[in-house]
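To keep things clear, I will list the structure first and then write my remarks on it.
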Amino acid sequence: MKKSSFLSVLLAASASIAGCATTSPAQQQALAQVREQYLAGDYGGVIRTVATSETLAEAPDATRVEALKLQAYSYCLTQYTQLCQDGFVRILRIEPAFQLPSTEAGHPMWGPVFRHAQEIVRGGAA
């Protein structure tokens with residue numbers, strides 16, 4: 001996917017999350033940091049920040065899901081496919097109806113991993 005397309009999707013998601021009254025300023029800032037790390041290609045930073053941030057762990061579902069999605073993408077991009085899949089399973093357990101945006105669903109690295117995670121959550125694969 002083109003970086004500009006991804007950035008547009010990311011900014012749209014940011015706007016919807018920013019409008020959520022239950023997301024605290026600290027949680028918004030923590031998510032913004034994760035987005036910045038991701039866009040800078042600091043995938044290890046994304047993974048560590050999401051894994052260790054109590055602020056994000058306590059955030060509303062929409063905020064946590066966005067952070068976990070960027071972490072899952074980062075795992076895929078760093079060739080940790082099982083951890084990428086585990087991240088998507090975690091997202092789907094929080095938000096069962098979660099779908100990747102159409103601009104991201106066809107990505108060759110995480111698209112197939114996400115579809116497999118959906119099968120796992122539905123009980124169709126192990």
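Read-outs: derived from the displayed coordinates by stated rules, not from any lab. Model, not experiment: these values are computed from the prediction. Every residue, glycine as well, gets a Cβ built from its backbone with ideal geometry; the counts of neighbours run over all protein chains shown.
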Please state which of the following conditions G123 fails to meet, knowing it meets all the rest: (1) in contact with a helix residue (DSSP H, G or I) (Cβ under 9 Å, 6 or more places away or on another chain); (2) exposed (fewer than 11 other Cβ atoms within 10 Å of the Cβ).
-> (1)
Just for the range 91-116: of the residues that are of a type in the set (A, V, I, L, M, F, W, C) and part of a helix (DSSP H, G or I), which one is farthest from E66 (Cα to Cα)?
-> V113
Within the range 63-85, track down each residue that is over 12 Å from I47 (Cβ atoms), over 10 Å from the mean Cα position of the chain (by Cα) and buried (at least 17 other Cβ atoms within 10 Å of the Cβ).
-> Q85
Evaluate the range 61-74: report whether one residue or more is closer than 18 Å to I120 by Cα, out of contact with any Phe, Trp or Tyr (no Cβ under 7 Å at 6 or more places or on another chain) and among the aliphatic types (A, V, I, L, M).
-> yes
Could you figure out which of (1) surrounded by 14 or more Cβ atoms within 10 Å (Cβ to Cβ); (2) touching a helix residue (DSSP H, G or I) at 6+ places or on another chain (Cβ under 7 Å) isn't true of P112?
-> (2)
